[in-house]
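The values are calculated or read from the model by the stated rules, or taken from the named source; none is laboratory data. Because the structure is predicted, anything quoted here is derived from the model rather than measured. Quick reminder, even Gly has a Cβ in these numbers, built from the backbone with ideal geometry, and neighbours come from all protein chains shown. Heavy atoms of the whole protein, side chains included, go into the accessibility calculation; ligands, DNA and RNA do not. Shrake-Rupley method; radii C 1.70, N 1.55, O 1.52, S 1.80 Å.
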Amino acid sequence: MPALFLLFVGSGAAALIYEIVWFQLLELFIGSSSVSIGVLLGTFMGGMCLGSLLLARVISPRRHPLRVYAGLELGIGVFGLLLLVLLPLVGRIYIAWGGDGPTGFLLRGVVAAICLLPPTLAMGATLPAVARWVETTPEGVARLGLFYAGNIAGAVAGSLLAGFYLLRVYDMRLTTYVAVGFDVVVALVALSLAASRTTFIVENAEIESAKRSPSWRPIRSSLFDRSTVYLAIGLSGFCALAGEVIWTRLLGLLFGATVYTFSLIVAVFLIGLGIGSSLGSALSKQVNPRVAFGWCQWLVVAAVAWAAHELTLSLPYWPINPALSVDVWLNFRLDFLRASWVVLPPAALWGASFPLALASVAEPGQDAGRLVGSVYAANTIGAVAGSLAASLLLIAWIGSQHAQQVMMGLSALAGLLLLVPAFVHRTVRLKPDTTYEGTTIRLEPDIAHERPTVRVAPDTTDKRTIRPDRATSRGRMDAESGRARSPIPWAGAVVIAASIIATAYLIRGVPPIPAMLVAHGRFAATLLGQAGEIVYVGEGLQSSVAVSRLPNGALGYHNAGKIQASSAPEDMRLQRLLGHLTTLVPDHPRSVLVIGCGAGITAGAVSIDPMVERVTIAEIEPLVPRVVSTYFGEQNQHVVDNPKVRIRIDDARHFLLTSRERFDAITSDPLDPWVKGAATLYTREFFQAAREHLNPGGVVTLFVQLYDSSPASIKSEIGTFFEVFPNAVIAGNTFHGIGYDTVLMGQAGAMRIDLAAVDARLNRADYAPVAASLREIGLVSAVDLFATYAGRAQDLKPWTRDALINRDGDLRLQYLAGLGLNMNESDAVYAEILKYRRYPADLFAGSDRELSELRERIDR
């Protein structure tokens, strides 16, 4: 047992490492939108479900379970290595054929199936394979629950190891090698155990003798009993994964949606499942497992109510200011404790459900692999449905509040399905060869179904038959089924009625998501009463969005738990600077791609340029364009309603990679790089793809914030951009003389900016809207616009020499940025950049007066 437990720890750790790596690799080309994540998650868990079902039907029970298990683990390792080679090829094929619409959605599914189904089939088969090593007695079923707990314990270790160390320090290739190493060690140990234990099917001489007894009569378990247990464990899986999706979304707002936050939440959830599975395994031997399973679902209702209350009315207002800590690891420990406070109770109850469900349908002598596979598959089917329903439907349609109420209702339904029959057919446990109500109980085999049954001794006149570990109550005995039947006891009816009333009360009391949490996330408590009025809150497919009216009267656009854009002067200057640089530098900016809609102000600045004929906005969240058109129309030039603007709801990386369109300019204003998934828009490979989608003379501009970021992550963003655009320049945006944020601008070839040509455009009648937009942010001429020059790549080489380049193979930026999201060293970083600034005589052209004035402004 200890050795088998440790084997499952190792395979669980490998499985979670693979899952993190494979999802990260596949998201690079099929996208990180909710649809893409749904496809990946559904395929991954669907493969495990199929594997658990097929094992007992494909592999003979005469094969040694540990040898089968070792073969599966080696197979998983082989597939892990193969995917490192095949994924780049699959990615190129997908990019050549992929797109949006039904065809693109289908192709996403095909790609995910090709990559994930083979290894996940093997993963799903591992627990049913080893299950054949134990008997399906109460003690054996309890051991199966412990195996499941060991697998979860390994998954906890794998998620933390990959999320906090391997992927932060190394790349995805080496991380995969570590997972393969776990698989190989597990397989070798399993083969060693198999060699030392050659007998794994134990024959019982008494049962074999009883098979030949003329008094034998088989008893079949009730199909209704088994069906309700399978349905209940499916509902339990649905609620568990739906809850994980919802609470990860809310805790991501509270902690900051970094890769570390996701690893912490997954680890806490898995710890809860492991604790619950261990307790459920022990409990299944002591009580009626079906009744315990039923009450477990009722308790889930209360646990979900607890989680909803703490996430909305308590945790956001704990007096915690994460910016006060200079040690980010202290914040991680605090976040771990806060996540545990919310997630552990319901997760433990869901964890206990699995071994209790196993014990509820287990009968001595049946194929343990088939038993475990069936229960595991039912639970996984529910989990797939729950994760997809929560992420793609429930949150966006009815919101987190009502989604949690749905979970509570389904948990109560599962409890009813299990408990009502238990009250109708009351049972007590009996042991073989004992006397109960004057009847001697003996163990006899079911020859037809290869499982023992229990019947009365042949020498008694009572012809009742009783199933194993079931019992009778005073009342009429069904001679065929061996089940005692009696009316529902009044006490039981009262308990069920009281539980239904309590459930209704708890469901009604689930509070809505607080506006302060959506708007200000981890700083909700510190900004309470100081952040102005929140005028809109909405939950979308990808993220939650808010709009606030700040104390100075400006509007703020909130996403990922912070202000991403606003109509405040410092933000208006940056947003319009980004948009106008994008269209004024290229000679013929007819077609422009805007990555990230935000408040729409950058896209609006692009759209009013009279040379621009077509603007494409790639926005991942469908809710955003509707919101900003309502609240920011005046500031963004009503860009959403502009006839030359088209909005593509898609992950910008996926859109660009699968698009065959070329652009004269591309401007990127994505979410903060510490937000999980955003770093894919800052990789060297993505910048190369953007350059390849440019027409001759086209430019790429990129917003790089200096606040809420560490110097290392800022240097990584700039250094990676400079590696692709070695002639790139930096424009700075200051606020009260302090460095605030920057704009990077690059061209495929040498960059040359003609001040006279830009001034000539601004003086044209049709450019009056552009000139007015610039005047509103204090820029009245080309000299004013380009006096924001803060340096260029060739001058900054000494500063970027030690920059960690962000690549598709490691996505190092998201780990760097996640360590610095509470830092604010913007002015120091900007001052460091300015140390390398020199007037670039070969960059600017124009009249002597303009060049002299620009040089003076830059030097000053």
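If a residue must be touching a strand residue (DSSP E or B) at 6+ places or on another chain (Cβ under 9 Å) and either crowded, with 24+ Cβ neighbours inside 10 Å or not aromatic (Phe, Trp, Tyr) (or both), how many such residues does region 697-720 contain? Walk me through it before giving the result.
Residues of region 697-720 that are touching a strand residue (DSSP E or B) at 6+ places or on another chain (Cβ under 9 Å), as a first pass: 697-709, 714, 717-718.
Checking which are either crowded, with 24+ Cβ neighbours inside 10 Å or not aromatic (Phe, Trp, Tyr) (or both) leaves us with 697-702, 704-706, 708-709, 714, 717-718.
The total comes to 14.
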Problem set entry | Answer residue from region 268-292, given it is under 32 Å from the mean Cα position of the chain (by Cα) and of a type in the set (Val, Ile, Thr) and is farthest from residue 229 (Cα to Cα) among those | 268
Exercise. So which of 106, 82, 74, 127 is closer than 20 Å to residue 154 by Cα and surrounded by fewer than 22 Cβ atoms within 10 Å (Cβ to Cβ)?
Worked result: 74
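Give region 30-41 a look and list any residue that's part of a helix (DSSP H, G or I) and either open to solvent by 20 Å² or more (accessible area, probe 1.4 Å) or among the β-branched types (Val, Ile, Thr) (or both), or say none. Step through it out loud before you land on a result.
Initially, region 30-41 is screened for residues part of a helix (DSSP H, G or I), giving 30, 34-41.
Scanning region 30-41 gives 30, 35, 37, 39, 41.
Quick one: is residue 560 among the small types (Gly, Ala, Ser), within 17 Å of residue 740 (Cβ to Cβ) and out of contact with any His (no Cβ under 9 Å at 6 or more places or on another chain)? Show your work before the answer.
Working: among the small types (Gly, Ala, Ser): yes; within 17 Å of residue 740 (Cβ to Cβ): no; out of contact with any His (no Cβ under 9 Å at 6 or more places or on another chain): yes.
Here the answer is no, as residue 560 does not meet what is asked.
Search region 544-585 for residues being of a type in the set (Gly, Ala, Ser) and touching a Leu at 6+ places or on another chain (Cβ under 8 Å), and hand back the single one that is farthest from residue 775 (Cα to Cα).
First, pick out the residues of region 544-585 that are of a type in the set (Gly, Ala, Ser): 544, 546, 548, 553-554, 556, 560-561, 565-568, 579.
In the following step, the residues that additionally are touching a Leu at 6+ places or on another chain (Cβ under 8 Å) were identified as 544, 548, 556, 560-561, 566-568.
Working: 544: 34, 548: 26, 556: 22, 560: 31, 561: 32, 566: 18, 567: 15, 568: 15 Å.
Ranking the candidates gives 544 first.
How about region 593-617: which of its residues are hydroxyl-bearing (Ser, Thr, Tyr) and either touching a residue at least 60 places away in the same chain (Cβ under 8 Å) or assigned to a loop (DSSP other than H, G, I, E, B) (or both)?
Within region 593-617, the subset hydroxyl-bearing (Ser, Thr, Tyr) is 602, 607, 616.
Of everything in region 593-617, just one residue is hydroxyl-bearing (Ser, Thr, Tyr) and either touching a residue at least 60 places away in the same chain (Cβ under 8 Å) or assigned to a loop (DSSP other than H, G, I, E, B) (or both), namely 602.
Kindly indicate whether any position in region 578-592 is under 25 Å from residue 766 (Cα atoms), part of a strand (DSSP E or B) and open to solvent by less than 10 Å² (accessible area, probe 1.4 Å). Before you say what the answer is, go through the steps one by one.
Our first condition is that a residue be under 25 Å from residue 766 (Cα atoms); within region 578-592, this holds for 578-592.
In the following step, the residues that additionally are part of a strand (DSSP E or B) were identified as 591-592.
From what's left, open to solvent by less than 10 Å² (accessible area, probe 1.4 Å): 591-592.
Among the residues of region 578-592, at least one is under 25 Å from residue 766 (Cα atoms), part of a strand (DSSP E or B) and open to solvent by less than 10 Å² (accessible area, probe 1.4 Å), which makes the answer yes.
Output the number of residues of region 364-390 satisfying the condition of being within 20 Å of residue 623 (Cα to Cα) and crowded, with 24+ Cβ neighbours inside 10 Å.
Within region 364-390, the subset within 20 Å of residue 623 (Cα to Cα) is 388-390.
Subsequent filtering for residues that are crowded, with 24+ Cβ neighbours inside 10 Å retains 390.
Qualifying residue count for the region: 1.
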Problem set entry | residue 768, sole failed condition from (1) at pLDDT below 95; (2) part of a helix (DSSP H, G or I) | (1)
Problem set entry | Boolean, residue 802 is open to solvent by 50 Å² or more (accessible area, probe 1.4 Å), under 30 Å from residue 330 (Cα atoms) and either among the hydrophobic types (A, V, I, L, M, F, W, C) or not in a helix (DSSP H, G or I) (or both) | yes
For this session: Six or more apart or on different chains, Cβ under 6 Å: which pairs go from a residue in region 638-652 that's of a type outside the set (D, E, K, R) to one that's exposed (fewer than 12 other Cβ atoms within 10 Å of the Cβ)? Could you list them?
Result: none
Problem set entry | Qualifying positions in region 687-702 - in a strand (DSSP E or B) and of a type in the set (S, T, N, Q) | 695, 701
Exercise. Hey, any hits in region 159-171 for a residue that's open to solvent by 10 Å² or more (accessible area, probe 1.4 Å), without any contact (Cβ under 8 Å) to a residue 40 or more places away in the chain, out of contact with any Lys or Arg (no Cβ under 8 Å at 6 or more places or on another chain) and part of a helix (DSSP H, G or I)?
Worked result: yes
For this session: Return the total of residues in region 329-346 being open to solvent by less than 30 Å² (accessible area, probe 1.4 Å) and closer than 22 Å to residue 256 by Cα.
Result: 8
Problem set entry | Counted residues, region 627-650 - those being touching a strand residue (DSSP E or B) at 6+ places or on another chain (Cβ under 9 Å) and more than 21 Å from residue 554 (Cβ to Cβ) | 8
Exercise. Any residue in region 132-144 that is assigned to a helix (DSSP H, G or I) and surrounded by fewer than 17 Cβ atoms within 10 Å (Cβ to Cβ)?
Worked result: yes
